[in-house]
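FYI, it's all coordinate maths here, none of it is from the lab. Note that the structure is predicted; figures quoted are calculated from it, not measured. Cβ: placed from backbone, ideal geometry, glycine included. Neighbour counts: every protein chain shown.
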């Protein structure tokens, strides 16, 4: 097992076919069965997040074993495309469209989910949290940034405002 990232919140290990994330603490409970139920339902429809194989707590350490997504970080691909001389940026525009589609999946899912008074979104969607697979699929990583929140006041106007507010600060940006 190889340590690939260590931060104040967690450590991430590459275990060959899987990624193991060990949390020092969790800001919200990804161990909540309802969160996992909605996460799995969303992913069964759109297949844009890593599959979660196991979540547990042992000796006070929260651990998540998930699918290892092979591919390139979107940030690397965008920087490569932008560095090409005489580039018409069609490649970059393709990446932007695919990001739009990825965000659209969350919005589409929330149409039905909002009827239950809930909203699901990825809190940290950026170029370093999207992997482009060899087949060209976009996969959002950093699963603990996927939130399932209640909609406090349920009306079409408040739903629209909630969706816009939640996605406004979490849109894809070039950094």
Mean projection area, nm², convex hull over Cα of segment 2-168: 11.3 nm²
Ranking of 8, 22, 115 by count of other Cβ atoms within 10 Å, fewest first: 8, 115, 22
Distance cut-off 12 Å, percentage of C-alpha pairs in segment 14-72 lying past it: 70 percent
Proportion of all alpha-carbon pairs of segment 1-100 beyond 21 Å (%): 50 percent
Need the full-extension length gain, residue 36 to residue 124, defined as separation in residues times 0.36 nm minus the C-alpha distance. One decimal, nm. 29.9 nm
